[in-house]
1. Which is open to solvent by less than 40 Å² (accessible area, probe 1.4 Å) and aliphatic (A, V, I, L, M), of B:104, B:98, B:48?
2. Out of all the residues in segment A:160-170, which are modelled with pLDDT of 85 or more and not polar (S, T, N, Q)?
3. Among the listed residues B:133, B:142, B:102, identify the single one that is part of a helix (DSSP H, G or I) and in contact with a Pro (Cβ under 9 Å, 6 or more places away or on another chain).
4. So, in segment B:259-268, how many residues would count as being in contact (Cβ under 8 Å) with a residue 12 or more places away in the chain and within 8 Å of chain A (Cβ to nearest Cβ)?
5. Those residues that are of a type outside the set (A, V, I, L, M), facing another protein chain (nearest Cβ under 7 Å) and open to solvent by less than 10 Å² (accessible area, probe 1.4 Å), I need them from segment A:191-208; list them, please.
6. Picking from A:94, A:49, A:88, which residue would you name as being at pLDDT 85 or above, part of a helix (DSSP H, G or I), at the interface with chain B (Cβ under 8 Å from one of its Cβ atoms) and out of contact with any Asp or Glu (no Cβ under 6 Å at 6 or more places or on another chain)?
7. For segment B:65-95, how many residues are open to solvent by less than 60 Å² (accessible area, probe 1.4 Å) and either touching a residue at least 60 places away in the same chain (Cβ under 8 Å) or small (Gly, Ala, Ser) (or both)?
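The values are calculated or read from the model by the stated rules, or taken from the named source; none is laboratory data. Just so it is clear, the structure is predicted and the values come from calculations on it, not from any experiment. Ideal geometry is used to build each Cβ from the backbone, glycine not excepted, and the neighbour counts take in all protein chains shown. The protein model used for the area step is the full one, side chains on, heavy atoms only, and it has no ligands, DNA or RNA in it. Shrake-Rupley method; radii C 1.70, N 1.55, O 1.52, S 1.80 Å.
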Amino acid sequence: MFVEAPITPVTEKKDLGSPVTPARRDRNLLARLRSSSVPYLYLVPALILLVVWTYRPLVQAAQLSTVSWNLLPDSPIVSVGTANYRKLFEMPDLGDAVWLTVVLIIGLLPFTVVLPVIVGGAMRRLSSRGSRIYQGLIFAPFLVAPVAGAAVWRWLLDPGSGVVNRVLGSDRNWIYDESTAQVAIIVITGWHLIGFAVLAVAAGLAGINNDYEEAAQLDGATRRQITWRITLPLLSPTLVFLVLMTVLLSAQWTFPLIDTLTQGGPARATTNIYYLLWDYGFHTFDAGRSAAAGMLLFVGFGVIAGALVWISERITFHDK
Amino acid sequence: MTSNSVLDRVEDTGPVDPPTVPPPSTDPGASRSRQLWRRVSGHLVLGLTALACIFPIYWLVATSLRRPDDVNSLSIIPWPLSLANFADAADAVDIPGLMANTFLIAAASTCGQLLIALLASYAFAVYDFRFKTLLYLAFVGTWLVPYQVTMLPNYVLLNQLGLINSLAGVVVPTLSSALAVLLLRQHMSSFPTELIEAARMDGRSSWSILWTVVVPNMRPALAALAILLFINSWNDYFWPAIVLQRSNDVLQLGLRSFMGTEGNQWGPMMALAGLACLPVFALYVVLQRHIVNAFVRSGLH
C-alpha cells in the first residue's frame with residue numbers, strides 16, 4: 001500500500017550516559033504481568049478511538065440497515081428486516097449511483113496514472129533543476145483546499161464571464177448541464193490529484209536501478225522497447241498503488257466538490273455512491289436506507305480492494 | 001532529510017543517456033538531434049501540464065487582487081492592484097474568527113493524532129505481543145471503511161455527547177489516524193534496536209526510552225508528519241460539514257456558505273478562497289522539501 005521511499009537511517013547515536021548495569025529482573029508474576037501489558041497500554045488510546053469511531057459505527061450501521069428511522073432521537077425506530085435492501089435493489093438510485101462511481105473512477109485514471117507516467121517520463125529527460133520547478137508547479141493544486149478549488153473552478157467555468165467560455169466563445173453551463181457536470185467533477189478532482197500522482201511516479205522511477213536500462217541499451221534495445229519492457233514493469237508496484245488510491249480515495253476527494261458545486265445534480269448526474277449515502281442520510285433523513293447502501297458499499301469496496309491487492313501480487317514485477 | 005529526498009534521487013539517477021553507448025545503427029548527428037528533440041518534447045509535456053495545473057491558482061489570486069470593477073477582465077496581469085475584494089469578503093464573513101477556529105481545529109487534531117499515533121506505533125515497532133498482526137490489521141483495515149458508511153452512527157454518538165456544532169466535535173472523531181500510525185511504525189522499525197536495548201540495560205523505563213531516545217531521533221519524521229496532518233486537517237471538509245451544520249465556523253464551511261448566499265460575487269469569493277489556501281501555501285513555500293517528502297512517504301494520502 002505504500003510507495004517505496006528511502007527512509008533516513010538514524011545515524012546520530014545518542015550518548016546513553018553511565019556504563020551499562022544490567023537491571024535486576026523481578027521474577028514474580030505481578031511484574032511479569034505488568035511488563036507484558038506494556039505494549040497494550042501504549043495501544044489503548046489509539047485502539048479505543050479506532051473502535052469508537054470506525055468499528056463500532058460499522059457494526060451499528062449494519063444494525064441500522066435493518067430498521068426504519070428518521071434520525072430524530074424521539075422518533076421510533078421500527079425494525080423492517082431486509083426491506084431497505086429490497087427497496088434499494090428495486091429503485092434505480094443505487095444502480096445509477098454505482099454506475100456513476102465506476103465512470104468517475106475510470107475517468108480519474110488518466111489523471112492519476114496515465115498523465116503522471118507521461119509527465120514522470122518527461123521529467124527524466126530534463127536536468128534535475130528544471131524538472132524540480134515543473135514538479136513544484138504541478139504539485140500545487142494538491143494543496144488547494146477542495147472548497148477553494150470548487151470556488152475557483154466555478155468561476156473559471158461560469159457561463160457568462162468565466163475564462164473557459166470566453167476563450168471558447170461558448171456559453172455552456174458546464175457544472176449545471178446534465179451532460180457535462182460529471183466531466184467537470186472528474187476534471188477538477190483530477191486537477192487536485194495529479195501532482196501527488198506525479199510525485200509517486202517520480203519516486204517510483206527514482207527507485208529503479210539504471211543498470212537495467214543501460215544493459216538493454218547496450219544490447220541494442222530501442223527506447224520504446226526499454227519503456228514498455230523494462231521501465232513500466234519495474235514501475236508496476238507504483239502503478240497498482242495509484243489505481244488502488246484512485247479507487248479508495250475518490251470518495252474523499254469528490255465529496256466536497258459535489259457538495260459545494262452540484263449537490264448531486266443536475267438530475268442526479270453527479271450522485272455517485274458516496275454522495276447517495278449522504279443524500280439518504282442528511283437530506284431525506286432515511287437512516288435505514290443510507291445504512292443499507294453503506295453496507296453494500298463496504299462489502300463491494302472490500303471485494304474490489306481485495307481483488308486489486310490479489311492482482312497486484314501476481315502482476316507486479318519486483319526488482320528483488 | 002536533505003540527503004535522500006526523492007528529488008535528489010531523480011538527480012542521481014539522472015536524465016542523461018550514457019554518452020559512451022551510441023545506438024548501434026544511427027550516426028552521431030541524428031542521435032544528437034534526437035536527444036535535442038527528447039529534451040524539447042520533455043519541456044513541452046511538462047510546460048503544458050504545469051500551466052494547466054497552475055493557471056486556476058493564478059487566476060484565483062489574480063481575480064482576488066483586481067479592482068471590483070475589473071473582476072471580469074481577461075487581462076493576464078491584474079492591474080491596478082486593489083484589496084477591495086478582501087475588504088468586501090471581510091464585511092460578509094468573520095475572517096479572523098474563521099481563521100482562528102480552523103487553526104485551532106487543525107492544531108488540536110494534529111497534536112492529538114501525533115501523540116496517539118506515536119504511542120501506538122511505539123508498541124508496534126518495539127514490542128512483540130499477542131495479536132500484534134491482528135491489531136495492526138485493524139489499523140490498516142480502516143482504509144476500507146469510507147466515512148460515508150460510518151457517518152450516521154457517528155453523528156448519533158456526537159449528538160449524544162453534545163458535540164454537534166462544537167469545535168471539539170470536529171476534532172474528536174479524527175484523532176485516531178491510521179495513516180500516522182502506519183507511517184510512524186515504518187520509521188520506528190528502522191530505528192536501531194541496539195540503542196533501545198542499551199537504554200533498557202541502563203535501567204530506563206520504556207516510557208523514558210520513548211521520550212529521551214526514540215523521539216529526539218525521529219524529529220524530522222515527526223515534523224514532516226505533523227505538517228502533513230496539519231494540511232489534511234486544515235483542508236478537511238467532511239467532518240466540519242457533518243458536525244458544524246448550522247454554524248459554518250471554519251474556513252471551508254464559511255467559503256461554502258459564501259458561495260451559496262453571496263451569489264456570484266467572484267471577487268470577494270476568490271479573496272476568501274485565497275485566504276483559505278494561504279497558510280498551507282505559506283507552509284509549502286517555506287518547507288517545500290519536507291512536505292514533498294512527507295507526502296511521498298505517506299504513500300496513501
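1. B:98
2. A:162, A:163, A:164, A:166, A:167, A:168, A:169
3. B:102
4. Matching residues across segment B:259-268 total 1.
5. Answer for segment A:191-208, where residues must be of a type outside the set (A, V, I, L, M), facing another protein chain (nearest Cβ under 7 Å) and open to solvent by less than 10 Å² (accessible area, probe 1.4 Å): A:195, A:196.
6. Within the list A:94, A:49, A:88, the selection yields A:49.
7. Total satisfying the criteria: 14.
Yes or no, residue by residue, for (1) closer than 30 Å to residue A:74 by Cβ; (2) away from every other protein chain (no Cβ under 12 Å); (3) within 21 Å of the chain's Cα centre (by Cα):
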residue: B:59; (1), (2), (3): no, no, no
residue: B:65; (1), (2), (3): no, yes, no
residue: B:83; (1), (2), (3): no, yes, no
residue: B:93; (1), (2), (3): no, yes, no
residue: B:101; (1), (2), (3): no, yes, yes
residue: B:116; (1), (2), (3): no, no, yes
residue: B:127; (1), (2), (3): no, no, no
residue: B:142; (1), (2), (3): no, no, yes
